[in-house]
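Working notes, structure below.
The values are calculated or read from the model by the stated rules, or taken from the named source; none is laboratory data. These figures come from a predicted structure and were not determined experimentally. So basically every Cβ, Gly included, is an ideal-geometry build from the backbone, and we count neighbours across all protein chains shown.
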Amino acid sequence: MKILSWNTQWCCGLDGLVSPQRILERARSLADADVLCLQEIAVNYPGLQGCPGDQLAQLQKLLPGWQLFFGAAVDEFTTTGRQRFGNLIATRLPALQVQHYPLPYPADAGVRSMPRMCSVVTVMDARLGAVRVMTTHLEYYSKRQRMAQALALRSLHLAACNLADAPPQESRDGSPFQTKVRTHQAVLCGDFNLEPHEPEYAALTARWATGEEGALQPGQWHDSWRLLHPDQPQPATFKLFDRRYGPEPVACDFMLVSDSLQSRVRDWQTDAQTQASDHQPVVLTLG
């Protein structure tokens, strides 16, 4: 199972050209992915560089036979009309369930920011079984908001694991109460806008204690790069070519896996050459 994650910068390359087609062509040249997780997909933003239109419709047309699930972190009506901006999960695997979770947005006066969210699609892989694929894009400017969002992502996974261990009453009545597919297996990917040495990363990937006795529970997020290369820093995925946001390239796009998928991590790749976005795509292979 191959999952590709890419902050596309609304499919705007460093040459200023907006092209969902170029994004997909470059993604396919890197990997024959089963799931695409694309951050910063825009619908009706003429004010952005390159004047992106309805990228959701454009991507659907370019991916015949795939299912596309769009989670709009921003969904508002302005003088331009309805505008949406968020994350897209596209898959050619059978999709079992779709969930969208708004992430915390605590007040941080005077700091530039926007709402953030996590989109989740549970897919069925022939070899792995059910896997929750989660993609997100955390706040860039507000450290306070970014920490709250990192903690929420950890809590989302713990809650899903608890439901898998203690599911609701079984129901096969065809109503919304009908039994859902529950799994501990999960991948969390996206642009986290933080680096591995920062406290938000430590908070996100730390083990946690719950319950009155503070017992440790399974569900820790593991960085797939570190599982494969424990003694090497992850290759940079941001600011390789565009230094508007800082002088040095950094690693901030991660592929995290659940405890249950640690032994399934086979490969991790990035495309360090493309300039189709201001970020580099990352591919995780599970086997």
| query | Regarding T179, is this residue touching a residue at least 24 places away in the same chain (Cβ under 8 Å), farther than 24 Å from A150 by Cβ and among the β-branched types (V, I, T)? | reply | no
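Going through T136, T80 one at a time, which residue ends up being within 22 Å of L256 (Cβ to Cβ), at pLDDT 95 or above and either hydroxyl-bearing (S, T, Y) or touching a helix residue (DSSP H, G or I) at 6+ places or on another chain (Cβ under 6 Å) (or both)? First the steps, then the outcome.
Values: T80 fails: within 22 Å of L256 (Cβ to Cβ).
One residue alone meets the criteria, T136.
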| said: Here is a check on your reading of the model: is L38 closer than 28 Å to R266 by Cα and in a strand (DSSP E or B)? | reply: yes
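Identify the residue in the range 243-252 that is surrounded by 15 or more Cβ atoms within 10 Å (Cβ to Cβ) and not β-branched (V, I, T) and, among all such residues, is farthest from E198 (Cα to Cα). Walk me through it before giving the result.
In the first step, residues of the range 243-252 are kept if they are surrounded by 15 or more Cβ atoms within 10 Å (Cβ to Cβ); the result is 249-252.
With the extra rule that they be not β-branched (V, I, T), the set shrinks to 249, 251-252.
Details: P249: 15, A251: 11, C252: 11 Å.
Taking the candidates together, the pick is P249.
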| Hey, does the range 2-12 have a residue that's modelled with pLDDT of 95 or more, more than 18 Å from the chain's Cα centre (by Cα) and of a type outside the set (A, V, I, L, M, F, W, C)? | no
| Looking at the range 41-66, which of the residues that are in contact with a Lys or Arg (Cβ under 8 Å, 6 or more places away or on another chain) and outside any loop (DSSP other than H, G, I, E, B) is nearest to L138 (Cα to Cα)? | A42
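Out of the residues in the range 152-192 meeting the condition of being of a type in the set (G, A, S), out of contact with any strand residue (DSSP E or B) (no Cβ under 7 Å at 6 or more places or on another chain) and closer than 23 Å to S5 by Cα, tell me which one is modelled with the highest pLDDT. Break it down into steps so the answer makes sense when it comes.
Residues of the range 152-192 of a type in the set (G, A, S): 152, 155, 159-160, 164, 166, 171, 174-175, 186, 190.
Of the ones still in play, those that are also out of contact with any strand residue (DSSP E or B) (no Cβ under 7 Å at 6 or more places or on another chain) are 152, 155, 159, 164, 166, 171, 174-175.
Those still in the list that are closer than 23 Å to S5 by Cα too: 152, 155.
Numbers: A152: 96, S155: 91.
Step by step, filter the range 152-192, then rank; the result is A152.
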| said: If I filter the range 104-119 for residues that are assigned to a strand (DSSP E or B) and touching a Cys at 6+ places or on another chain (Cβ under 9 Å), do I get at least one hit? | reply: yes
| When V131 is evaluated against the numbered criteria (1) among the β-branched types (V, I, T); (2) more than 29 Å from Q83 (Cα to Cα); (3) assigned to a loop (DSSP other than H, G, I, E, B), which criterion, by number, is the only one it fails? | (3)
